[in-house]
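Engineer: Handing you this structure, nothing more for now.
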Amino acid sequence: MSKAIAGHRYRHYKKETMTYTVIESNALDCETVKPLVIYRSEYETPDHPKGTLWVRARDDFESQVTLADGTVVDRFTEID
């Protein structure tokens, strides 16, 4: 499982071109005080320009997902 580390680059499991740079790995949700990851896209789509900022719970960012064929993979994999 890849740990979220600020300044490191990651690829999302859904598509090789979905790459991100983690901006902050220790942000906190103001209501739940749960750790959050803030990350910036390195690609663009018709709906989201390159550089879009995203926020996800750190537990979710560092989690694994099960694919349709039963294979378990990291949601985000460090690429650098």
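Engineer: Restricting to region 40-61, give me the number of residues that are out of contact with any strand residue (DSSP E or B) (no Cβ under 7 Å at 6 or more places or on another chain) and either farther than 16 Å from Met18 by Cα or assigned to a strand (DSSP E or B) (or both).
Structural biologist: Matching residues across region 40-61 total 2.
Engineer: I would also like to ask the following. If you go through region 1-22 one residue at a time, do you hit one that is touching a Leu at 6+ places or on another chain (Cβ under 7 Å), without any contact (Cβ under 8 Å) to a residue 40 or more places away in the chain and of a type outside the set (S, T, N, Q)?
Structural biologist: Within region 1-22, not a single residue is touching a Leu at 6+ places or on another chain (Cβ under 7 Å), without any contact (Cβ under 8 Å) to a residue 40 or more places away in the chain and of a type outside the set (S, T, N, Q).
Engineer: May I pose another question? Output yes when any residue across region 29-39 is assigned to a loop (DSSP other than H, G, I, E, B), among the β-branched types (Val, Ile, Thr), exposed (fewer than 12 other Cβ atoms within 10 Å of the Cβ) and in contact (Cβ under 8 Å) with a residue 12 or more places away in the chain, and no when none is.
Structural biologist: Initially, region 29-39 is screened for residues assigned to a loop (DSSP other than H, G, I, E, B), giving 29-34.
Checking the rest, the ones that are also among the β-branched types (Val, Ile, Thr) come to 32-33.
In the following step, the residues that additionally are exposed (fewer than 12 other Cβ atoms within 10 Å of the Cβ) were identified as 32-33.
When the remaining residues are screened for being in contact (Cβ under 8 Å) with a residue 12 or more places away in the chain, the result is none.
There is no residue in region 29-39 that is assigned to a loop (DSSP other than H, G, I, E, B), among the β-branched types (Val, Ile, Thr), exposed (fewer than 12 other Cβ atoms within 10 Å of the Cβ) and in contact (Cβ under 8 Å) with a residue 12 or more places away in the chain.
Engineer: Of all residues in region 1-28 being in a loop (DSSP other than H, G, I, E, B) and hydroxyl-bearing (Ser, Thr, Tyr), which is surrounded by the most Cβ atoms within 10 Å (Cβ to Cβ)?
Structural biologist: Ser2
Engineer: Here is a further query. What about Asp69, is it among the acidic types (Asp, Glu), surrounded by 11 or more Cβ atoms within 10 Å (Cβ to Cβ) and either part of a strand (DSSP E or B) or modelled with pLDDT of 95 or more (or both)?
Structural biologist: Answer is no for this residue.
The values are calculated or read from the model by the stated rules, or taken from the named source; none is laboratory data. Given the structure is predicted, the values throughout are model-derived calculations rather than measurements. For neighbour counting, all protein chains shown are included, and Cβ atoms are generated from backbone atoms with ideal geometry for every residue, glycine included.
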